[in-house]
Amino acid sequence: MRNVKTGDFGAAVAKIDAANAEDPNLEEVKGEKVPKELLYGERMAAMMEETYPEASEVLKLAARSQHIRRWEIPREDYPMDRKGYLLWRTKLKQFHGELAAEILKANGYSSQDLIKIEDLINKRRLKSDPETQALEDVVCLVFLKYYFDAFINKHEKEEEKLLGILQKTWHKMSPKGHEKALSLGHTERALALINKALN
């Protein structure tokens, strides 16, 4: 993964974090309430550093801005069916990519970098672009580490749905992502579901 410095990485990180810090939705962590998307961005950045420490600046910024200002496009604005969900997800990716590109542009990154971050966040060329695949791995790993147990609680009576989600998640990841996923220290319940999904 290329790591040519073309912009002000620290300033771009600060701008992304400032944008996400405005999230009115809060999540409690160790007794402290934190803006939900700021926390998600920090978790994405940490997982990228842990899994792909050699990642380029643009890839690291894409991870941090994966959900930038997500609350501005609520799920409720779209039909509550599969088609509505897919439309919502497509709109979100476009929105996140455009916002991230604006921040990179304001902090000295090249036009090539602006195109790259939009491609990454929109998951273009997944399975053929190593950086897009790395970002997808990190998205899946963050879900499994921080959000899967709550998802199990929400759908505890829908085992087939849980198994299907796990199988789709696994299919999206690379072998390196699979290896990392199995080392995350899952709860007994989550690990049992993962093993069942894979078998």
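Which listed residue (122, 171, 112) has the Cα farthest towards the positive end of the charge dipole for the chain, taking +1 on Lys and Arg C-beta and -1 on Asp and Glu C-beta about the Cα centre?
The residue sitting farthest along the positive end of the dipole is 171.
Using just the helices of the chain, give the 222 nm mean residue ellipticity in deg cm²/dmol: DSSP H runs with n ≥ 4 each add -39,500 (n - 2.57), and the total is spread over all residues, rounded to 500.
Calculated at 222 nm, the ellipticity per residue is -19500 deg cm²/dmol.
In segment 20-117, which GluC sites (Glu not before Pro) are in a loop and have at most 15 other Cβ atoms within 10 Å, using DSSP for the loop call?
Counting only loop positions with at most 15 other Cβ atoms within 10 Å, the GluC sites (Glu not before Pro) in segment 20-117 are 22, 54.
The numbers here are math on the coordinates, done by the rules we state, and not lab data. Remember, it's a predicted structure, so these values are computed and weren't measured experimentally. Cβ sites come from the backbone with ideal geometry, for glycine too, and all protein chains shown count toward neighbours.
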